[in-house]
Amino acid sequence: MKIIKDPVHGYVELEDFALAILDSPALQRLRYIRQLGFSYLVYPGANHTRFEHSLGTMYLADIACRKFGLSDAERMLVDAAALLHDIGHGPFSHASEPLLEEYLQRTHDAIDIFVQGNTGEILQQHGLDPGDLCSLVNGHHPLSGLIHGDLDVDRMDYLLRDAYYTGAPYGAVDAQRLIRNMVQTDDGIVLDENGINAAESLLIARTLMRPAVYFHHVSRIGESMFQLAMAEHLGGGNRDAAEGLLHMDDAACIQALRSSHSPAARMIIERIYQRRLYKRAIYIGREQVNATAFFTEMNLGKNRALAEAIAQGAGVEPDTVLIDIPPFPREMSMGVRVKNQHATVNFEEISPRIRTLNETRREQWRLGVYTLPEQREAVAEVAADVLHIKKPTWQDTLF
């Protein structure tokens, strides 16, 4: 047994199996992967890592397992999955997710290739099945809801942790109260009515943290610049080269890009390193664009084609224009049912706030076109034509 002091949860106890997993190369790599990608360009304190988050997720998972009375074997499996659930992340976490999908056709949840070799051996030595663990992480196991669900411990930890390190006062979640009021049934997790306020606070925190942290425009600019630098470095899309780059940690990836054969990649990554970022030429909400054209099937390639068309029309270099079309927010729901003295009902029947929060999330969506400061006017004019942007009405200018 070993004890680690965590700034968010306090003292975290580690059993031998958890300590062995924690010391594995796959998990130690997460010490060097920033949890919030390029949010440190906005919030100087946002230098926490996936390693810390994994430890915190395991801590909450263990509390939930004990609350539900799971067997030691089940609890160990869930705790191990909580520790390893993020080992598939590339450099700068979600900033490299589109590159994983584009070049390697997988997401960070596909950890099968990582739970091999040394990590797989550690799991087997402690009676844990690597296949069951992967199934739990990617959502195909009866206990997956603890890690990937509407009230999962992964989300509880990252909201608390991200708020702590950014200083943003929006991520307050009463994780302990939520877990204490969760009940494991044959039909899944049910929430006792005493946990409704805590569940609502989680939904509100998710909504408020989106524009303040997760989709802050400076973070999005940094991510977009990084993705273009990676694409320029990889060129035609050599899978082996992409695999090697996306298995690096943050520092190794930055160094690879700074010494890239591509002048564009070197230029872009140097600007990020010195925080000489591109600026917003256009930054608009859903009401000013044709929603159906941009909310479906967008990817790095299509974004790049649009950016190059804008650059050509503005007479500027292609690598100085970026277009950022984030996925449109999915409907936030709370699939967990609520149990009171008389019946078990859907969460939405008890709390109507989800409808309001979903509309708020839709209003938060922004399409961005970014470029060098001196090119903003020229790029904005052409981008408005290429993207068929509607001019704001007089009412829009009031807000």
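None of the figures in this text is laboratory data; all of them are computed from the coordinates on show. Given the structure is predicted, the values throughout are model-derived calculations rather than measurements. Cβ: placed from backbone, ideal geometry, glycine included. Neighbour counts: every protein chain shown.
Points to keep in mind about this one:
- Within the shell of other residues whose beta carbon sits under 15 angstrom from the beta carbon of Cys253, the net charge comes to -1, with Lys and Arg scored +1 and Asp and Glu -1.
- Rough spin-label spacing in nm, given labels placed 7 Å along Cα→Cβ, for Glu349 and His261: 6.4 nm
- Qualifying lysines (Cα of each under 19 Å from Cα of Lys67; at least 8 residues distant if same chain): Lys339
- Counting other Cβ atoms within 10 Å as a rough exposure proxy, the listed residues Thr207, Thr166, Thr107, Thr57 run Thr107, Thr207, Thr166, Thr57 from fewest neighbours to most.
- For a label point 7 Å along the Cα-to-beta-carbon line of Asn299, residues of the stretch 105-127 with backbone N under 19 Å: 105-110
- The chain: most fluctuating residue of Glu349, Glu193, Glu359 per GNM, C-alpha cutoff 10 Å: Glu349
- On Cα atoms only, tilt of 300-314 relative to the major axis of the chain in degrees: 20 degrees
- The phi torsions of the stretch 319-324, fed into the Karplus equation with coefficients 6.51, -1.76 and 1.60 and a -60° offset, translate into couplings of 7, 9, 10, 10, 10, 10 Hz, rounded to whole numbers, with Gly and Pro shown as x.
- Annotation: for a label point projected 7 angstrom from Cα along Cα→Cβ of Thr356, residues of the stretch 157-176 with backbone N closer than 18 Å are 170-172.
- 5 angstrom amide H check on Thr49, placed H, neighbours 5+ away: Gln35
- Signed unit charges on C-beta, dipole axis of the chain, positive-most listed residue Ala305, Pro25, Ile4: Ala305
- Each Cα pair under 8 Å and six or more residues apart adds its separation to the average, and for the chain the resulting relative contact order is 15 percent.
- On Cα atoms only, tilt of 217-234 relative to the major axis of the chain in degrees: 80 degrees
- Placing a pseudo-label 7 Å from each Cα along the Cα-to-Cβ vector at Phe328 and Tyr283 gives an inter-label distance of 2.3 nm.
- Candidates Leu55, Leu228, Leu14, ranked by Gaussian network fluctuation over the chain, Cα under 10 Å, top entry: Leu14
- Simple spin-label estimate for His247 and Arg271 in nanometres, 7 Å along Cα-Cβ: 3.2 nm
- When the chain is treated as a GNM with alpha-carbon contacts under 10 Å, the residue of Arg75, Arg330, Arg206 showing the greatest mean-square fluctuation is Arg330.
- Ellipticity estimate at 222 nm from DSSP helix runs (n ≥ 4, -39,500 (n - 2.57)) divided over the chain, nearest 500: -14000 deg cm²/dmol
- Sequence-distant residues sharing a close amide H with Phe215 (under 5 Å, placed H): none
- Note, ³J(HN,Hα) from phi for the stretch 378-383, Karplus 6.51, -1.76, 1.60, rounded to Hz, x at Gly and Pro: 5, 5, 4, 5, 5, 4
- Helix 263-273 vs. the chain, principal-axis angle (Cα, 0 to 90°, nearest 10): 60 degrees
- When each of Met230, Met156, Met76 is scored by the number of other beta-carbon atoms lying within 10 Å, the sequence from fewest to most is Met76, Met156, Met230.
- For the pair Arg66 and Asn47 in one chain, pulling the backbone fully straight at 0.36 nm per residue adds 3.7 nm over the alpha carbon distance.
- Partner lysines for Lys391 [C-alpha distance under 21 Å; skip if fewer than 8 residues away on the same chain]: Lys279
- Each Lys and Arg adds +1 at its Cβ and each Asp and Glu adds -1 at its Cβ; summed about the Cα centre, the chain shows a dipole of about 1260 debye.
- Gained length - Glu193 relative to Leu104, 0.36 nm times residue gap less alpha-carbon distance: 27.7 nm
- Remark: Ile113, Ile284, Ile389 ranked as Ile113, Ile389, Ile284, counting other beta-carbon atoms within 10 Å and listing the fewest first.
- For the stretch 2-167, the residue among His140, Leu84, Gly56 whose Cα projects farthest onto the positive side of the dipole built from Cβ charges is Gly56.
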